[in-house]
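Please read the structure below before turning to the comments.
The values are calculated or read from the model by the stated rules, or taken from the named source; none is laboratory data. Please read these numbers as outputs of a predicted model, since none were measured by experiment. Note: ideal-geometry Cβ built from the backbone for every residue, glycine included; neighbour counts use all protein chains shown.
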Amino acid sequence: MKLEKHLSQGKLLYLTKHGDAISVSENEHFRWMAFNDVVQSIMHKRKPYLLTLPHQIALLLPLLLFRPKNIIELGLGGGNLTRFLTHLSTEINVHSIEYNKDVIECFTDFFNPEQETMHIILADGINWLQQQDAKNIDWLICDVYRSDEFGFNSIVKQLETLTSKLDSQSCLSINLPDVSDEEINLCLTILQQLQSEHNIHYFHVPNYLNIVIHLYPKNWPIHRLLKQRAKRNRNSYLSPIKFNRWRKFWPHGIHI
């Protein structure tokens, strides 16, 4: 059954009408979270660690290139990235920063079925990040939920803080939903001006409105890393099967 049909056959589990109007629904196979009726996160109930939306794979493609240990995720949502990363390796330490208390409560009650210990901090992500030492961050993931209340200008203002916390050997990944060509070009231009030590690689996610941007160190031997034999690859946590599948996506990105 296609995902769209699953989402049309859900039973409501939770609803709050204040703020972002968060709802949680489920059917036999999936559970999902929506903000203002827009689905933000979908969990496979039998295998909660699975990634369920295409932009999530695009957002995690740097796992092809390195083995990060300290990961900061700005925006918890339904916890898809956190569940996947903690399941992937015990070497990975993820801190999720979420400003909305209702989102954290929904994750705890509905999206952590295996009761894994998660490092979740209730705080404004950008304000919290400003106080952190860049040397302690291997990978910074910013999964942005775009609200009309704040508009695109708020995203632009975040870029300076995000790039200021990039160490010379760290990586930054940003998910931008529903942005115009003019807005994405503006973001890319700003990122180029703010960060000269990193290459920029970005993806248009097919059939979705997401743009995923990666900044990674210029001295990383990308072509050699991607051509390694998966069974002998010590630079990635991914299984050989997943590595071989994911590296086919990298050439579909645009390098600037």
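Some values worked out for this structure:
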read-out	value
Residues of the range 164-186 classified as in contact with a strand residue (DSSP E or B) (Cβ under 7 Å, 6 or more places away or on another chain), modelled with pLDDT of 85 or more and under 21 Å from I254 (Cβ atoms), total	8
Residue check for L159: under 17 Å from the mean Cα position of the chain (by Cα) and over 30 Å from F30 (Cα atoms)	yes
P206 being farther than 25 Å from L166 by Cβ and within 21 Å of the chain's Cα centre (by Cα)	yes
Qualifying residue in the range 36-51 (condition: closer than 27 Å to K135 by Cα and either buried (at least 19 other Cβ atoms within 10 Å of the Cβ) or more than 15 Å from the chain's Cα centre (by Cα) (or both))	no
Checklist (1) farther than 24 Å from Q56 by Cβ; (2) modelled with pLDDT under 90; (3) surrounded by fewer than 16 Cβ atoms within 10 Å (Cβ to Cβ); (4) not polar (S, T, N, Q) applied to F150, failing item	(1)
Residue within the range 31-44 that is of a type in the set (S, T, N, Q), in contact with a strand residue (DSSP E or B) (Cβ under 8 Å, 6 or more places away or on another chain), farther than 15 Å from P113 by Cβ and modelled with pLDDT of 90 or more present	no
